[in-house]
1. Go through the range 103-124 and give me each residue that's modelled with pLDDT under 95, surrounded by 13 or more Cβ atoms within 10 Å (Cβ to Cβ) and not hydrophobic (A, V, I, L, M, F, W, C).
2. Of Q65, Q45, Q40, which residue is in contact (Cβ under 8 Å) with a residue 12 or more places away in the chain and surrounded by fewer than 20 Cβ atoms within 10 Å (Cβ to Cβ)?
3. Restricting the search to the range 150-185, which residues are among the hydroxyl-bearing types (S, T, Y) and free of Cβ contacts under 8 Å to residues at least 60 places away in the same chain?
4. Among the residues of the range 160-181, write down those that are under 15 Å from S199 (Cβ atoms) and either outside the structural domain of I54 (by TED's automatic domain parsing) or in contact with a Leu (Cβ under 6 Å, 6 or more places away or on another chain) (or both).
5. Checking the structure you have, find out if any residue of the range 70-89 is in contact with a strand residue (DSSP E or B) (Cβ under 9 Å, 6 or more places away or on another chain) and closer than 23 Å to L167 by Cα.
6. Restricting attention to the range 91-102, and to residues there that are touching a residue at least 40 places away in the same chain (Cβ under 8 Å) and assigned to a strand (DSSP E or B), which single residue is surrounded by the fewest Cβ atoms within 10 Å (Cβ to Cβ)?
7. L20 is checked against (1) under 27 Å from the mean Cα position of the chain (by Cα); (2) exposed (fewer than 11 other Cβ atoms within 10 Å of the Cβ); (3) modelled with pLDDT of 85 or more and fails just one. What number does that condition carry?
8. Can you tell which of S199, S159 is crowded, with 17+ Cβ neighbours inside 10 Å, under 11 Å from the mean Cα position of the chain (by Cα) and among the small types (G, A, S)?
Amino acid sequence: MKILTIYPKQILLLIFPLFLTFSSAQEDDPLGLSANEALQKIQAQYGQYFADKIVEIRGFRGQSQPREWTVVVNDERSQLRLRSVRVSIDKTINEGESTKFYPNNLPTGFASSDKIKIDSTKAFQVLIKEARAAKIGFDYVDYKLRSLEFGDEPIWVLSAMKGKGILLGQVVMSAYDANLFRTVWYYRGDRGYIKVVDSALDGIKKNQLNDEALSVPGSDNQVSPKTNTGEASQSNQSNSSGLGTEEAEVKPIRPN
């Protein structure tokens, strides 16, 4: 009788498929470059001056990180005050004055590089977490960093993409403290049917339902007026203490 001998390496090969991730985009690309690494390359070649005020940073087809980033920065020496730099692992190319924004397309603002605390690698992990919760698989990620309107806080807009350029969802989050602003997912069915799940709309609906519950006369959830001492009665406090505990703050985000 022949005895089959399985060596440790063979055991590893047998077990490995059990740990395959749900999306090929979760496997780190050894040739990828993070956004922070791209900014460091710009600073090393052109100085901190070029990375103080960022209009946008874009990277495409990241698995998990893009192989190239295009960074538009403030440059007071140029006529339109903006300059574009393209960065990859092996080269940094100054593409010259950017005409993408002024005069026809005003920048939303200027993000401070000092406030970019959440690199694209960490942003990708947030996207993975949200995609798993939404049961969405994707092939690659398109990255965009810009400023929050009327401020210098940088925000990430991560787009989960399917192989042929089909948008499956977006996650909008702070690049300063990882605060999640908005998630939008597209569930595509037969004959072009698309179901849209938008956290901003869901948040509005929840707020409306709670407002209606508070305004109904005789409702157990109705908020009672304060007593003469300025304190609500203890019985009413116990009835209303649970309201709003399931809701996360949703900040409005204008179109990109």
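1. Those that are modelled with pLDDT under 95, surrounded by 13 or more Cβ atoms within 10 Å (Cβ to Cβ) and not hydrophobic (A, V, I, L, M, F, W, C): P107, T108, G109, S112, S113, K115.
2. None of the other options fit; the residue is Q45.
3. S159, S174, T183
4. Within the range 160-181, A160, V171, M173 qualify.
5. Yes - at least one qualifying residue is present in the range 70-89.
6. N94
7. Condition not satisfied by L20: (3).
8. None of the others qualify; the one that does is S159.
The values are calculated or read from the model by the stated rules, or taken from the named source; none is laboratory data. None of these values were measured; they are calculated from a predicted model. Please note: Cβ atoms are built from the backbone with ideal geometry, for glycine as well, and neighbour counts cover all protein chains shown.
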